[in-house]
Amino acid sequence: MINPLRGMKDLTFDESQRFVHIVTTAITIAKRYGYGYIETPILEETALFKRSVGDSSDIVSKEMYQFEDKGGNDVCMRPEGTAGVVRAFVHAKLDRQPSKQKFYYYGSMFRYERPQKGRLRAFHQFGCESFGEGSVYEDFTIITMISQIFEALGIGFDLQINSLGCTECMPPYKQDLVGFLTQIKTDLCEDCNRRIDTNPIRVLDCKNKTCQSLLLNAPKLINNLCTSCDTDFKKLTVLLDKASIKYQVDTHLVRGLDYYNKTAFEFVSNEIGAQSAIAGGGRYDKLVEFLDGKPTPAVGFAIGIERIMELVKMPESVREGIYLGAMVDEAVEKLFAIATAKRKETKVTLEYTSKGFKSHMKGADKVHARYVVLIGEDELSNGTVWLKDLETKEEKTLLIEAF
Ligand code: HAM
């Protein structure tokens, strides 16, 4: 037997229903906020992720499914959705249109991580990207939208927010931070030591307990923001307060992807173990430019579908559609025309084998049908069907043409 690869899994039965419920709920809400569907290839040039997610990020430096294709191109299975959507946005010259553009997507992402509960190598995200709106109102609106998605799915969450500043306030802060980190260098872990040179901001995110306690005294970007970033961040907190969306400011929230500036956020759940981030996102005002487009402010997020699958409260399943069965062999083929006609309006389960009454009733129950429709000997000779509404328990006999 051939098994799925390590860290990859099939979604069948209960899980696939949860998957569809999550995606359809998220799509319904995203559409209300003006998002339209975008589909981009799973395979992209490796350079796309190096340039956008960042060469020194863990995702690019350690976790890429990267290989040379038969044409000798350096390609990579997408580890996330934003880079591909931005590339498509620039490729279609949408950056030259004055209107704002909003896209949603869902699909498989690939990261060669060490698999554990909630951490897969092939997983699914639902994401949204909003282009052309630089106002912090859009950041607030996106956070509100994610809250509504989680509310509709019956999922509780904690929201953590931070500001990563901009090209004005980030560089001097980075310098301050490197100065601080250099002083405590010998006590920091190996990873942090490497990051001081490659990506010092990521040191703040280290999960090592010793590092975390040493970093409590690190300078905070939030106290060193330029006027514009500071005003926007304060505005965001006021808007969230007014909307009664609870949040914590986490000054060490830096995100694992390099393209963010200003608002960064994560939704976490304390019910799913160590891999607790259920959604993440933020503003990335320089990425379109970075991928050779015209300067375009942008903000977005992605939800980890597998991580919320266990948390989702599924709606009560309702009886739906028609179960069609024959109790004599000669009646089986009578059912096809009925099935085709009824399938124009509802779900139909057609049993090909003639069986006894009880067997059919069990079959109808198994597929959770609302109506059971049977043709026995009498019905066959009279040109009728016997129908029972399994909800109201009402029964009747009808002419086939009248059904
Ligand atoms: P991210 O935080 O890397 O952001 O991923 C978003 C979500 O994907 C995470 O919060 C988590 O729920 C889920 N996730 C990530 N890695 C795994 C994994 N190995 N197994 C299962 N679930 C996982 C992004 O990907 C950004 N592109 C989000 C974004 C969109 N920012 C702006 N626009």
The residue that is nearest to R319 (Cα to Cα), considering only those in the stretch 367-393 that are in contact with a strand residue (DSSP E or B) (Cβ under 9 Å, 6 or more places away or on another chain) and part of a helix (DSSP H, G or I), is E379
Matching residues in the stretch 1-22 (within 14 Å of the ligand (Cβ to nearest atom) and either in contact with a helix residue (DSSP H, G or I) (Cβ under 9 Å, 6 or more places away or on another chain) or in a helix (DSSP H, G or I) (or both)) number 5
Quick count over the stretch 59-118, residues being crowded, with 20+ Cβ neighbours inside 10 Å, in a loop (DSSP other than H, G, I, E, B) and away from the ligand (no atom under 15 Å from the Cβ), is 0
Expected single match for near the ligand (Cβ under 6 Å from one of its atoms), of a type in the set (F, W, Y) and in contact (Cβ under 8 Å) with a residue 24 or more places away in the chain among F301, F290 is F301
Quick count over the stretch 124-149, residues being under 14 Å from G304 (Cβ atoms) and either away from the ligand (no atom under 12 Å from the Cβ) or open to solvent by 30 Å² or more (accessible area, probe 1.4 Å) (or both), is 2
Residues of the stretch 378-403 being loosely packed, with under 12 Cβ neighbours inside 10 Å, among the acidic types (D, E) and more than 46 Å from the chain's Cα centre (by Cα), in sequence order, are E401
Within the stretch 309-356, restricting to residues that are part of a helix (DSSP H, G or I) and out of contact with any strand residue (DSSP E or B) (no Cβ under 7 Å at 6 or more places or on another chain), the one that is least open to solvent (accessible area, probe 1.4 Å) is M309
In the set K207, K234, K220, the lone residue that is of a type outside the set (F, W, Y) and in contact with a Ser or Thr (Cβ under 6 Å, 6 or more places away or on another chain) is K220
Scanning the stretch 13-47 residue by residue, those open to solvent by 60 Å² or more (accessible area, probe 1.4 Å), under 20 Å from R111 (Cβ atoms) and in contact with a strand residue (DSSP E or B) (Cβ under 7 Å, 6 or more places away or on another chain) turn out to be I42, L43, E45
Residue count, the stretch 164-177, condition loosely packed, with under 15 Cβ neighbours inside 10 Å and not charged (D, E, K, R), comes to 4
Picked from the stretch 225-249 (must be out of contact with any Gly (no Cβ under 8 Å at 6 or more places or on another chain) and closer than 10 Å to K262 by Cβ), the residue most open to solvent (accessible area, probe 1.4 Å) is S228
The condition of being closer than 30 Å to L240 by Cβ, part of a loop (DSSP other than H, G, I, E, B) and not basic (K, R) holds, among E133, E129, only for E133
Checklist entry - Would it be correct to say that S276 is within 24 Å of the chain's Cα centre (by Cα), among the polar types (S, T, N, Q), within 14 Å of the ligand (Cβ to nearest atom) and surrounded by fewer than 19 Cβ atoms within 10 Å (Cβ to Cβ)? => result yes
Apart from one, (1) under 30 Å from V90 (Cα atoms); (2) open to solvent by less than 60 Å² (accessible area, probe 1.4 Å); (3) modelled with pLDDT under 95 all hold for I222; the odd one out is (1)
Per the list (1) assigned to a loop (DSSP other than H, G, I, E, B); (2) farther than 24 Å from E289 by Cα, residue check on A26 breaks on (1)
The residue from F89, F13, F67, F19 that alone is of a type outside the set (D, E) and on the phi > 0 side of the Ramachandran plot is F13
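The values are calculated or read from the model by the stated rules, or taken from the named source; none is laboratory data. Given the structure is predicted, the values throughout are model-derived calculations rather than measurements. A quick note on method: Cβ atoms are made from the backbone with ideal geometry, for glycine too, and the neighbour counts reach across all protein chains shown. Surface areas here come from the heavy atoms of the whole protein model, side chains and all, with no ligands, DNA or RNA. Shrake-Rupley method; radii C 1.70, N 1.55, O 1.52, S 1.80 Å.
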